[in-house]
Structure formats: C-alpha cells, structure tokens
Amino acid sequence: MSRAASTGGRRPAAPAKPNRAEKARLTRERLFEAARELVGEEGYAETTIAKITSRAGIAQGTFYNYFESRQDILDQLLPTLGEDLLAFIRERVGKERDPVSRERTRLRAFFDFLVENPPFYRILNEAEMFAPRGFRRHMENMSKSYRQALARDRAEGGYTPFEPREIEAVTYMLLAARNYLSMRYSYVDGRVQPVPAYVVEAYAKFVTAGLFSPATARAGSAKRGRSATPA
C-alpha cells in the first residue's frame with residue numbers, strides 16, 4: 001500500500017523549512033561549535049576564521065554576518081560555555097539541602113562537565129592569554145553565581161566562621177582549588193579523564209574541617225601520642 005493510500009489519499013505534509021531567523025540561528029551555532037572544537041583541539045592561537053568556516057561548511061565571507069572578528073568569536077566561547085557549566089552544576093545540586101553535600105556536588109559536577117565537554121578544559125586554561133575579555137566575563141559570571149550560592153549556604157548554617165564580606169574571598173579560594181585540582185587530576189596524558197573519588201572527598205574534608213580546625217588538631221595530637229616512643 002502506498003503512503004498516499006495509507007493516509008486516505010493525502011500525501012503526508014513535508015517538514016516545514018526553517019525560516020530566515022531559524023537559518024541564521026543554525027548558521028551561528030555551526031560557526032560557534034566549529035570554533036569550540038578547534039580551540040579544544042589546536043588552541044586559540046591556531047584557530048583561524050578560515051578553519052572555523054571550513055569546519056562549519058560555511059563560506060568565509062558569511063562569518064562576518066555573525067561575528068565582528070576572529071577575536072569576537074574567541075571572546076564569546078568561554079562565557080557561553082561557562083553558562084552551560086553553571087546550568088549543569090545547578091541541575092546536579094538540585095534540591096540538596098545540606099551545605100556540605102551541595103559543595104561536594106558542585107565540585108563533582110565541575111569535573112563531570114569537563115569529561116562530557118573535553119574542549120572546555122583548554123578553552124578555559126588558555127583564555128586568560130588569548131581571550132582576556134571573555135576570561136574576565138567568565139570569571140565575573142562564575143564568582144557572582146558562586147557568591148550567591150555560598151551566601152545561601154551561610155544563611156542556612158554553613159560557613160559560619162566567615163563574615164558576609166569574606167564570602168567573596170572564600171569564593172575565589174574555592175574557584176582556585178577547582179581549577180588547580182582539574183590541572184592535576186582531570187587533564188592527564190593529553191586528555192580529560194574522570195577525577196578519583198578520593199580527590200572530591202579530600203576537598204570536602206578541607207571545606208568542612210580545614211587544615212587547622214580544633215578537631216584536626218586533636219586528631220593529629222592523638223596520632224603523635226600513639227606513635228611516640230616510650231621513654
């Protein structure tokens with residue numbers, strides 16, 4: 001039986017063609033995705049407009065309908081992907097109620113995002129030199145979101161030793177820890193890989209107990225006492 005007969009003699013409607021605005025959106029996305037892939041593979045310095053348009057399958061002159069320059073698209077990469085990262089973390093944290101659990105989940109989500117989006121690692125770590133405007137925007141976005149999250153945690157009983165004005169400093173400490181841990185444990189032998197669970201747990205212990213908390217000091221004293229050689 002023909003398709004026309006199976007539909008009562010009517011041919012199925014052809015899928016609607018994208019309108020001009022939709023075509024423009026798709027073209028811009030193709031250019032952006034090509035730039036994302038290329039910077040992840042080759043770095044900012046080696047990513048050119050010619051390579052971007054070739055990867056996207058779009059005429060080189062069309063590039064300027066969507067981006068002012070090569071630097072323009074490079075500066076937009078990190079802030080845009082950073083918004084994806086924030087959404088990813090928020091979804092993972094969800095309705096977690098315990099502040100420590102939320103912080104542990106934030107770090108684990110960051111590492112998981114790197115695994116699911118390998119180009120992000122290089123885009124992030126080369127941006128300060130090659131896309132400084134985008135890097136500043138990204139850091140502003142990340143620190144603002146993190147400060148708001150930590151302020152909520154503090155209001156619910158977390159981070160009690162810190163004054164409200166100190167939360168910004170704490171935010172940058174935690175962001176720095178996140179970045180340096182990713183350098184050591186995420187990017188190994190030229191590829192992004194999952195971070196061992198003990199790294200996340202060590203971070204959680206550091207956040208909750210610190211290096212020199214009374215509990216840590218007592219545990220250290222007890223251990224030294226046990227290992228002391230009797231007179």
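The values are calculated or read from the model by the stated rules, or taken from the named source; none is laboratory data. These numbers come from a predicted model, not from an experiment. In this analysis, Cβ positions are derived from the backbone assuming ideal geometry, glycine residues included, and neighbour counts consider all displayed protein chains. Ligands, DNA and RNA are stripped out before the accessible areas are found, and what is left, the full protein with its side chains, is counted by its heavy atoms. Shrake-Rupley method; radii C 1.70, N 1.55, O 1.52, S 1.80 Å.
Summary table
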read-out: Cα-based reach from Lys51 at 15 Å (exclusive), listing aspartates and glutamates while leaving out same-chain residues under 8 positions away; value: Glu33, Glu37, Glu41, Glu42
read-out: Extended-chain gain in nm, criterion 0.36 nm per residue less alpha-carbon gap, Arg97 and Ala209; value: 38.4 nm
read-out: Solvent exposure ordering (accessible area, 1.4 Å, most first) of Met142, Met129, Met183; value: Met129, Met183, Met142
read-out: With DNA, RNA and ligands ignored, accessible area of Val93 (1.4 Å probe; Å², nearest 10); value: 20 Å²
read-out: Region 34-92 - accessible surface per residue (Å², probe 1.4 Å); value: 46 Å²
read-out: Fully extended contour minus Cα-Cα distance, from Met183 to Glu168, at 0.36 nm per residue; value: 3.1 nm
read-out: Dmax and Rg, reported as Rg then Dmax, of region 116-167 (C-alpha, Å); value: 14.8, 41
read-out: Solvent-accessible surface (1.4 angstrom probe) belonging to Arg108, in square angstrom, nearest 10; value: 90 Å²
read-out: Qualifying aspartates and glutamates (Cα of each under 13 Å from Cα of Lys205; at least 8 residues distant if same chain); value: Glu103
read-out: Backbone N under 17 Å from the Ala176 label point (7 Å along Cα→Cβ), restricted to region 128-153; value: 139-140, 143-144, 147
read-out: For Arg152, solvent-accessible area (1.4 Å; no DNA, RNA or ligand), Å²; value: 140 Å²
